[in-house]
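Novice: Please see the structure below; I have some questions.
The values are calculated or read from the model by the stated rules, or taken from the named source; none is laboratory data. The shown structure was predicted, so the numbers you read here are calculated from the model rather than taken from an experiment. Neighbour counts run over all protein chains shown; Cβ positions are idealised from the backbone, glycine included. Surface areas here come from the heavy atoms of the whole protein model, side chains and all, with no ligands, DNA or RNA. Shrake-Rupley method; radii C 1.70, N 1.55, O 1.52, S 1.80 Å.
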Amino acid sequence: MRKFIAVVAIFSLFTTLGFAQEFRGLDKSPLDRVYLPDHFAHDIKFAPERNLPDSPALRIDYSRPQKNGRQVFGNMVKYNEIWRLGANEATEIKVYKDVEIDGKLLRKGTYSMYAIPTEKEWTIIFNTALDHWGHYSYDENNDVLRVNAHVLHNNQSVEEFSIQFDDLEEGVGVMYIAWDMDRVELPISY
């Protein structure tokens with residue numbers, strides 16, 4: 001019996017070592033998620049005084065590249081070229097109910113988001129093709145909405161690419177997209 005247990009133990013050891021997984025390191029551009037209304041996922045449970053609806057208006061999943069001392073716009077992110085609006089996979093937005101972005105209708109659904117930045121204005125694009133790495137598979141024929149936003153300048157540099165929301169009043173918010181010294185703002189009604 002001891003020999004049998006010893007054989008099973010040795011077999012288990014080699015099997016475990018043979019199937020041990022080597023995990024890659026942490027991503028340099030971590031994934032983030034934001035909601036409109038702002039902080040929805042947390043506050044629906046822990047801030048009942050906000051009287052939030054049963055579901056959010058929208059959710060955005062995106063990766064947050066770092067500036068790391070580099071010049072971002074016009075260099076790392078090229079002007080007048082399509083950009084994935086973050087890093088890694090293209091940014092995705094889930095719209096839980098029809099919304100208006102800058103006064104234009106975006107229907108309920110899930111979309112990828114891209115941008116074409118210039119020094120003075122960004123074109124923000126909502127596209128039906130999903131699960132793409134970067135902008136390499138971007139196809140303009142899948143666009144459902146394009147809105148333009150004027151570039152505003154931050155008082156301080158934003159080190160990590162960021163998307164945030166601000167609730168202005170019930171059913172009205174603003175999406176902020178910022179990196180380095182630049183940001184754009186998109187009004188949203190829901």
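Novice: Output the residues belonging to segment 172-190 that are open to solvent by less than 50 Å² (accessible area, probe 1.4 Å) and touching a residue at least 60 places away in the same chain (Cβ under 8 Å). Give the steps one after another, and end with the answer.
Specialist: If we filter segment 172-190 for residues that are open to solvent by less than 50 Å² (accessible area, probe 1.4 Å), which is where we start, we get 172-175, 177-180, 182, 184, 186, 188.
Residues satisfying the conditions are 173, 175, 177, 179, 180, 182, 184, 186, 188.
Novice: Of the residues in segment 156-171, how many are hydrophobic (A, V, I, L, M, F, W, C), modelled with pLDDT of 95 or more and open to solvent by 20 Å² or more (accessible area, probe 1.4 Å)? Steps first, please.
Specialist: The initial filter retains those residues of segment 156-171 that are hydrophobic (A, V, I, L, M, F, W, C), namely 158, 161, 163, 165, 168.
Checking which are modelled with pLDDT of 95 or more leaves us with 158, 161, 163, 165.
Next, from what is left, pick out any that are open to solvent by 20 Å² or more (accessible area, probe 1.4 Å): 158.
So the answer is 1.
Novice: Another question, if that's okay. Could you please let me know if residue 57 is closer than 20 Å to residue 181 by Cβ and touching a Phe, Trp or Tyr at 6+ places or on another chain (Cβ under 8 Å)?
Specialist: Details: closer than 20 Å to residue 181 by Cβ: no; touching a Phe, Trp or Tyr at 6+ places or on another chain (Cβ under 8 Å): yes.
So residue 57 fails the test.
Novice: A further question follows. What about residue 180, is it at positive phi and of a type outside the set (Lys, Arg)?
Specialist: Working: at positive phi: yes; of a type outside the set (Lys, Arg): yes.
Spelling it out, residue 180 is indeed at positive phi and of a type outside the set (Lys, Arg).
Novice: When you check residue 158 against the structure, is it over 20 Å from residue 37 (Cα atoms), free of Cβ contacts under 8 Å to residues at least 60 places away in the same chain and of a type in the set (Val, Ile, Thr), yes or no? Walk me through it before giving the result.
Specialist: Values: over 20 Å from residue 37 (Cα atoms): yes; free of Cβ contacts under 8 Å to residues at least 60 places away in the same chain: no; of a type in the set (Val, Ile, Thr): yes.
Criteria not met by residue 158.
Novice: How about segment 34-103: which strands (runs of 3 or more DSSP E) wholly inside it have at least 1 residues that are open to solvent by less than 70 Å² (accessible area, probe 1.4 Å) and among the charged types (D, E, K, R)? Please lay out each step first, then the result.
Specialist: On the way: elements: 58-63, 87-95, 99-101.
In segment 34-103, 58-63, 87-95 are the strands (runs of 3 or more DSSP E) which contain 1 or more residues that are open to solvent by less than 70 Å² (accessible area, probe 1.4 Å) and among the charged types (D, E, K, R).
Novice: Tell me which residues, restricted to segment 42-58, are under 19 Å from the mean Cα position of the chain (by Cα) and either more than 15 Å from residue 165 (Cα to Cα) or touching a residue at least 12 places away in the same chain (Cβ under 8 Å) (or both). It would help to see each step written out before you state the result.
Specialist: Step one: filter segment 42-58 for residues under 19 Å from the mean Cα position of the chain (by Cα), giving 42, 55-58.
Correct list: 55, 56, 57, 58.
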